[in-house]
Amino acid sequence: MKNIAIIGSTGSIGTQTLDIVREHEDLSIVALAAGSNIRLLEKQAREFRPAIVGVWDDDKALELRNNLKDTDIKVVSGLHGLIDVATYIRSDILVTAVVGMIGIRPTIEAIKAGKDIALANKETLVTAGHLIMPLAKRSGVRILPVDSEHSAIFQCLHGEKHNKISRLLLTASGGPFRGKTREELAGVTVADALKHPNWSMGKKITIDSATMVNKGLEVIEAKWLFDVTPDQIEVVVQPQSIIHSMVEFEDGSVKAQLGTPDMHLPIQYALYYPNRLPLPGERLDFTKMNGISIEAPDRDTFRGLDLAYLALTIGGSMPTVLNAANEKAVAMFLAEEISFLEIYDIIEGCMKAHRVIAKPTLRDILTTESWVYDHIENMTRG
């Protein structure tokens, strides 16, 4: 029996993880945490009967505690509650499905507690990869990528431990605005940006896909996950979302992982690694495909990709600035406070104004996040 804890259980990755648990009797949920959706969290708690559930909002936690008073489930709240869920003693693996930099502290504490990490929280490695990867190595903990692209690379590298990587080829769908010009993007709406052609994801990551900032964050993640340099990571657009990513080795051979755009596959692979188990769902029918196309990204229009490469090249605290500025700018766009293209302007403005900390501690990372939010408020107020 493998015991699983999930932070972010009511989101897209969290709910799909629970789909997989329903299909397998050898998986058990022992701890769950969510932000504020206590209606769904209560439903999950009653179905899976974890020992502990966490809610970020204290008032919501009090409400949930009252709702679950007929059970023996412990309800905790806030950051300490999130850490309690992440480090729960009976869990074997933590699925980090929470969105945002809020996932860093619980992930660090879970690693210290000896938990394997099924990582779906980009921000953890983007901002603190230099802390996370050495800590995981010292703790003997596995970081198992859940993102479809990083899972694809992870799968391609299985059995290739002694072979040198030449390039990683991260694929991107191109999002809902592929092929559009900057002029055409000037007036796009939130509803337009949320219409992803292939994937069903949460709002924040869907906007990140539309700006291609998401792919830039994945470039930074890939550097830490696979110990490669920025110039070894290339982004290509694969509009059908059939090739999930590729690895080129030094002899010129390229391995690719293909499949339908279904996040259940990388989640299940992380939970059962290195084994593959049956998974219901669609299968690729190569006889019915019109083709698989590859093209270069439009980096002039979708500036998020180059901003991410710049942040990675500068290093230190700059990836934190990129990430925090993007989080805030996307939230503002979703609230219809700024335009789509202003997301890039806000990120770039923060990066230009920041004084880089070469080797940021966790405290430095969190302080930098606060600085970014204050700087954006001053930018937009002015």
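Read-outs throughout are calculated quantities, based only on the coordinates presented, and are distinct from any laboratory measurement. Quick caveat, the model's predicted, so the values are computed rather than measured. Ideal geometry is used to build each Cβ from the backbone, glycine not excepted, and the neighbour counts take in all protein chains shown.
Under 19 Å from the Cα of residue 180, which aspartates and glutamates turn up, not counting those fewer than eight places away in the same chain? Leaving aside aspartates and glutamates fewer than 8 places away in the same chain, those within reach of residue 180 are 192, 208, 295, 298, 300, 306, 342, 345. Using alpha carbons only, the radius of gyration of the range 331-382 set against its Kirkwood radius gives Rg/Rh = 1.02. Out of the trypsin sites (Lys or Arg not before Pro) in the range 302-359, which ones are loop residues according to DSSP with at most 13 other C-beta atoms within 10 Å? Here the trypsin sites (Lys or Arg not before Pro) that fit, given the DSSP loop and packing criteria, are 355. Calculated mean residue ellipticity at 222 nm for the chain: -14000 deg cm²/dmol, from DSSP H runs with n ≥ 4 weighted as -39500 (n - 2.57), summed, divided by the residue count and rounded to 500.
Working note: Karplus 6.51/-1.76/1.60 with θ = phi - 60° gives the range 247-259 the couplings 10, 9, 9, 5, 8, x, 6, 10, 10, 10, 10, 10, x Hz, where Gly and Pro are set to x.
Annotation: amide H-H contacts under 5 Å for residue 27 (H modelled 1.01 Å from N, sequence separation of 5 or more, or interchain): 2. Inter-part distance, the range 215-253 to the range 73-150, computed on C-alpha centroids, equals 23 Å. Taking only the alpha-carbon positions of the range 185-283 and ignoring solvent, what does the Debye formula give for the base-10 log of I(q)/I(0) at q = 0.11, 0.17 Å⁻¹? Rounded to two decimals, the profile gives -0.44, -1.02. Each listed q (0.10, 0.17, 0.18 Å⁻¹) maps to a log10 I(q)/I(0) for the range 1-153, found by the Debye formula over equal Cα scatterers with no solvent: -0.31, -0.89, -1.00.
Once backbone amide H atoms are built at 1.01 Å from N, residue 118 has 94, 95, 96, 144 as its partners under 5 Å, excluding neighbours fewer than 5 places away on the same chain.
Take every DSSP beta bridge whose two residues both sit in the chain; close to 25 percent of them are antiparallel. Membrane-span-like helices in the chain, defined purely by DSSP H runs whose alpha carbon atoms cover 18 Å or more axially and whose average Kyte-Doolittle hydropathy reaches -0.5, are 122-139, 213-226, 318-334. If you take every residue apart from residue 186 with its C-beta less than 13 Å away from the C-beta of residue 186, what net charge results, scoring Lys and Arg +1 and Asp and Glu -1? Computed value for this residue: -3.
Each residue of the range 292-382 gets 124 Å³ once the volume of the Cα convex hull is shared out per residue. Normalised by 2.2 N^0.38 Å, with N the number of residues, the alpha-carbon radius of gyration of the range 84-212 equals 1.25. What the Kirkwood sum gives for the chain is a hydrodynamic radius of 21.3 Å, with every pair of different alpha carbons counted. Which entries of 60/195; 74/203; 223/255; 115/137; 137/161; 2/60 show an alpha-carbon separation above 21 angstrom in the structure shown? Long pairs (Cα-Cα over 21 Å): 60/195; 74/203; 2/60. The alpha carbon convex hull volume per residue for the range 218-344 rounds to 184 Å³. Excluding residues fewer than 8 places away in the same chain, name every one of the aspartates and glutamates whose C-alpha is closer than 12 Å to that of residue 204. Reachable aspartates and glutamates: 327. Size of the range 20-103 from its Cα atoms: along the principal axes, largest to smallest, the extents are 35, 33, 21 Å.
Neighbour counts of C-beta atoms inside 10 Å place 244, 158, 130 in the sequence 158, 130, 244, starting with the fewest.
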